[in-house]
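Scroll down for the structure; my scribbles are underneath it.
Just so it is clear, none of the values below were taken in a lab; they were calculated from the coordinates. Computed from a predicted model, the values in this text were never measured in an experiment. Every residue, glycine among them, receives a Cβ derived from its backbone with ideal geometry; neighbour counts consider all protein chains shown.
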């Protein structure tokens with residue numbers, strides 16, 4: 001039970017408020033909760049409007065929760081996978097890298113399944129938006145393009161690579177920082193990461 005409650009407090013919303021949002025979305029009448037109290041909270045948080053319609057912020061929160069958790073038979077189980085939108089971004093990320101082999105002999109574009117596993121790790125360690133990730137990747141590839149991609153990492157190792165001493169280094173995270181530092185309008189916070197993100 002505590003895991004169920006923690007799942008929602010991570011999103012800074014009470015389980016009752018989430019329940020009411022789902023009821024409003026599905027046009028069903030909530031049971032057991034103090035609906036008027038929860039409506040005031042949802043309105044104060046700008047998740048619903050004065051007519052009790054879910055706002056874009058409310059829908060974004062529901063989408064974020066749905067992308068992170070499987071809600072089935074009153075159980076919440078954290079998802080192990082990526083959303084369909086994230087998978088599309090991973091395909092776009094892979095396309096930025098050149099076709100064929102790098103001068104090192106390894107393919108520049110790693111298999112999609114490998115990239116998905118790498119981005120699950122990246123997603124759990126960093127909060128960059130997909131827009132920032134793609135800009136950072138383009139910047140990296142363009143820098144090596146003029147030199148015939150000599151010493152460039154492939155699409156998998158660019159996300160992260162573990163060293164012999166078991167430390168993990170993400171060149172992608174470093175380039176995301178460069179993008180954020182160069183453009184004050186960029187953000188490290190990825191409000192739409194899960195649903196893109």
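Once fully extended, how much extra length lies between residue 178 and residue 34, figured as 0.36 nm per residue of separation less the alpha-carbon to alpha-carbon distance? Numbers along the way, then the final one.
On the way: separation 144, 0.36 × 144 = 51.84 nm, distance 4.79 nm.
The span from residue 178 to residue 34 would gain 47.0 nm if fully extended.
Within a 10 angstrom radius of the beta carbon, how do 65, 133 rank from fewest other beta carbons to most?
Details: 65 21, 133 27.
Ascending Cβ contact count within 10 Å gives the list 65, 133.
Run through every distinct alpha carbon pair of the stretch 84-182 and return the Kirkwood hydrodynamic radius in angstroms, one decimal place.
One decimal place: 13.7 Å for the Kirkwood radius.
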- Note on the structure: Ranked on Cβ counts within 10 Å of their own Cβ, fewest leading, 169, 141 go 169, 141
- Message: Using a 7 Å offset from the Cα along the Cα-to-Cβ direction at both residue 116 and residue 25, what is the distance between the two label points in nm, to one decimal?
- Response: 2.3 nm
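May I ask you to derive the FRET efficiency for residue 41 and residue 127 from their Cβ-Cβ distance with R0 = 22 Å, giving the value to the nearest 0.05?
Numbers: r = 26 Å, r/R0 = 1.16.
Efficiency for this residue pair is about 0.30.
Could you please rank 132, 168, 83, placing first whichever residue has the fewest other Cβ atoms within 10 Å of its Cβ?
Working: 132 24, 168 10, 83 19.
With the fewest neighbours first, 132, 168, 83 line up as 168, 83, 132.
Figure the gain on full extension for residue 60 and residue 138 (residue separation times 0.36 nm, minus the Cα-Cα span) and round it to one decimal in nm. Could you put the intermediate results ahead of the total?
On the way: separation 78, 0.36 × 78 = 28.08 nm, distance 2.78 nm.
Contour length minus the Cα-Cα distance gives 25.3 nm.
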